[in-house]
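We did not get these values from a lab; they are worked out from the coordinates using the rules stated. Remember, it's a predicted structure, so these values are computed and weren't measured experimentally. Here the Cβ is made from the backbone with ideal geometry for all residues, glycine too, and neighbour counts use every protein chain on show.
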Amino acid sequence: MFSNEFWIEWLKYFDKIVGPAVFATMRMVGATMILAFIIGFGFAILLAIYGPQGLRPKKKIYNVLEFIVNTTRSFPALILIVAISPITRMVVGTTIGETAAIFPLTIAGAAFIARLLENSFKEVDMQLIEAARSFGASDMQIIFKVMVKESIPSIISIATLALIGFIATSTLAGAVGGGGLGAVALNYGYQSFNNSILYTSVFILFIMVQVVQSVGNWWYKKSL
Amino acid sequence: MIEIKELTKSFGDLQVLNGINIDIPRGMIYGLVGRSGAGKSTLLRCINGLETYDEGSLVVDGVDVKSLSRKDIREFRKDIGMIFQQFSLLNRLTVYDNIALPLTCWKYSNSYIDHKVKELLEMIGIPDKINAKPRELSGGQKQRVAIARALTMNPKLLLCDEATSALDPKTAKSITALLNQINQDLGITIVIVTHQMPVLRSVCEEIAILESGKVEVSGPVEQVFLQQPQALKNLIGQEDLLLMEEGINIKILLSREISSQPVITKMARELAIDFMVLGGEMDNFRNNKLGSIIINIPSEHLNQVKKYFADNNVIWEFIERNGQSSAEAG
């Protein structure tokens, strides 16, 4: 089975199709991660400020934010990608390809990250926040010097979890015209009965997840 | 230093503080005691504006806390340090960075921060732990670090919220000794919230006992312990005493003057009567010892004993067999 011809064939596919798809996936996941983390972090901070146990509880603002996060979170990723395609077309100009996939992935990812970060900010000991207040720290200082600072290990594990999740959803985006490894595994592998491409893609995804998880674990331990 | 007048506060329907009046002079160590839910921690938090109050006034150093804007209250809090039961240190920062945190928040220069942190570490007695993380410290050391952090802004007032409640008795004692030292060396007024009697006795000059949002008793700590008001008894709980069925049970309170004399044996010799000693205790207070002894005398000697007590200025009271102290006392 693994004859010379097989490897020549495999190398050709790898060079022309799988290889570029790996970089496409990395770009897609990388861009999603950066954008979703920035937006999610912002939302989480706002949720932590205006939440019922927050620094300046404001029920109305919190409810609006909460509604946005919950609504977005209630869509399964594939459905969200399809459902918001008109908006994607408005924002990106197309619904096909790598760049078009980043938009829905970012929306879904931001909501996911926002909720997880909010939870980890909420877990910061109330007395610690009181202590910071007692020496005259401002709300901004309490957020960044106390809440975020104390949450860094859990922020790292949330980032690891999110990144692995984005690798998975990026392959879903591939199924509906997003490109990347998911599209290759489906179009050139599964639907073309080409097992070598299918399992090569699967193996590369496996390696990606392992690397992300190992780096995440190492960084988490270091941050404690 | 702190004048509290007719202070009230409620959380929804629950009245937590119900007309509190307290005066705390500058330089004093003042104790707020009471059972859980008596409102003592809420009252403490009103002093530095962590909690708001509904009615009445709370004036610290001539400033009514309620009148302060959000910005002013941050400035106001620079003068008030606070320590907590669970130490409230940042787990991810070193001892140095934890103590430096208030100074970095107020943007002091690095050289000043370095100088101040090292000076405070010397004072709290753990200069070798400068680069340790809180998880490497014992409870007592953590509280020392928290005290150092509370002192970084050179406050005039230090608030202690159950600061020794999470510590074992010996460590608690060393922390109260440190508080005493801070009070004497730096002249900082200290307000302590606690339910631990040994802490009260060893550091506080005056105390106020809170019961369901009201000050039931207040005054110098020795006086309160000698008078044994009902609020204090409620707080300590009833003593389990094995009282005699026959004769009369009497509790003699040993004040500073009385406790230095062999008053009991002297009475036995002078009156030539016999009696039994049922129990007794002596406790160390800030500057002296106070305590009580419970004796059982035969009924026929009561008048003799009463007269002896009166002649010698001994404070005493009857104890009924159900544990209640009788109203007739001298």
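The table that follows gives values for the structure above.
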| item | result |
| --- | --- |
| The stretch A:187-224, subset away from chain B (no Cβ under 14 Å), touching a Ser or Thr at 6+ places or on another chain (Cβ under 8 Å) and crowded, with 16+ Cβ neighbours inside 10 Å, residue farthest from A:Val148 (Cα to Cα) | A:Gly189 |
| Helices (runs of 4 or more DSSP H) completely within the stretch A:53-150 that count 1 or more residues being among the aliphatic types (A, V, I, L, M), away from every other protein chain (no Cβ under 14 Å) and touching a helix residue (DSSP H, G or I) at 6+ places or on another chain (Cβ under 6 Å) | A:59-74, A:77-83, A:85-92, A:98-122 |
| Scan of the stretch A:95-152 for residues that are over 27 Å from the mean Cα position of the chain (by Cα) and aromatic (Phe, Trp, Tyr), ordered by number | A:Phe135 |
| Residue check, A:Phe2 in a loop (DSSP other than H, G, I, E, B) and not hydroxyl-bearing (Ser, Thr, Tyr) | yes |
| So B:Leu89, is it surrounded by 17 or more Cβ atoms within 10 Å (Cβ to Cβ), more than 23 Å from the chain's Cα centre (by Cα) and touching a residue at least 60 places away in the same chain (Cβ under 8 Å) | yes |
| The stretch B:59-80: number of residues that are crowded, with 21+ Cβ neighbours inside 10 Å, more than 7 Å from chain A (Cβ to nearest Cβ) and not β-branched (Val, Ile, Thr) | 0 |
| Scope the stretch B:270-281; condition surrounded by 12 or more Cβ atoms within 10 Å (Cβ to Cβ) and farther than 19 Å from B:Glu320 by Cβ; matching residues | B:Glu270, B:Leu271, B:Ile273 |
| Residue match in the stretch B:83-95 (condition: more than 10 Å from chain A (Cβ to nearest Cβ) and either on the phi > 0 side of the Ramachandran plot or in contact with a helix residue (DSSP H, G or I) (Cβ under 6 Å, 6 or more places away or on another chain) (or both)) | yes |
| Evaluation of A:Ile129 against (1) farther than 23 Å from A:Phe103 by Cα; (2) surrounded by fewer than 16 Cβ atoms within 10 Å (Cβ to Cβ) (one fails), failing number | (2) |
| Some residue of the stretch B:171-184 being aliphatic (A, V, I, L, M), within 14 Å of chain A (Cβ to nearest Cβ) and closer than 25 Å to B:Ile73 by Cα | no |
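Every residue, every condition in (1) farther than 24 Å from B:Gln184 by Cα; (2) over 29 Å from the mean Cα position of the chain (by Cα); (3) free of Cβ contacts under 8 Å to residues at least 60 places away in the same chain, yes or no:
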{"residue": "B:Pro102", "(1), (2), (3)": "no, no, yes"}
{"residue": "B:Asn110", "(1), (2), (3)": "yes, yes, yes"}
{"residue": "B:Leu120", "(1), (2), (3)": "no, no, yes"}
{"residue": "B:Ile126", "(1), (2), (3)": "no, no, yes"}
{"residue": "B:Lys133", "(1), (2), (3)": "yes, yes, yes"}
{"residue": "B:Arg149", "(1), (2), (3)": "no, no, no"}
